[in-house]
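Reviewing the structure listed below.
FYI, it's all coordinate maths here, none of it is from the lab. Just so we're clear, the structure is a prediction, and the values are computed from it rather than from any experiment. Here the Cβ is made from the backbone with ideal geometry for all residues, glycine too, and neighbour counts use every protein chain on show.
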Amino acid sequence: MPDFLLLLVICLVIAWAFLSRRISFAGQRPDDYAETTPVVDIRQNLSGPLACEGVIYGPTGRVNSRFVAEMTGQWDGDEGRLAEHFHYAGGNEQHREWRLTLVGDGRIQAEADDIIGAGQGWQSGATVMLRYRIRLPENAGGWTLDVTDWMYLLDNGTIINRSQFRKFGVKVAELVATMRPVEAHAKATRLESTATDTSTPPAARRILRPFDRTEAA
């Protein structure tokens, strides 16, 4: 009887591992989102100045790091560069640059100085998926990790990015971040500030609004 129970447990674990890879984050496929909108085009949605905020979770699910970043995308036809400047909550900064190429049928090739070989990805519907191997900086352990990025485009131009980092197939970290055009970010901030400002009468706020835009510029 104990042998039977042990065999049953092993079978259940194997079945769960198989199903989790089919129905979980790792089981997503670009075709799953082919009919979703708005349709993403990285030449447009990763172009110009972008504001980014995010958190990194450790293997236990606790937040290990928080960051904000400024990004700038520049494109020449189907080839582009995405420069990233990260500011981490602990005080560290990091500069990176992606070199991106659209190679047809929605396929993406991605390279960077800390990427081993070239990453491969696809844009499909409202999503972008990218897989690559990254070498972490020495102050982050220096490990080489397998990464899967999924980016989901929203109607207002904001991109939600979720990434999982794995070592020997085991998830060791997860990143969740937003990326948005700076113009939209600044406009949302101004609108929120105006909506919450109760010290100035509505008529005066309408008069002052053009001056607010001038100062923001």
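Some observations on this one:
- Candidates in segment 27-67 are the residues that are without any contact (Cβ under 8 Å) to a residue 12 or more places away in the chain and polar (S, T, N, Q); of these, the one that is surrounded by the most Cβ atoms within 10 Å (Cβ to Cβ) is GLN44.
- Taken over segment 78-110, the criterion of being basic (Lys, Arg) and closer than 23 Å to VAL182 by Cβ is satisfied by ARG81, ARG96, ARG99.
- Unmet requirement for THR60, which otherwise passes all of (1) over 25 Å from GLY169 (Cβ atoms); (2) in a loop (DSSP other than H, G, I, E, B): (1)
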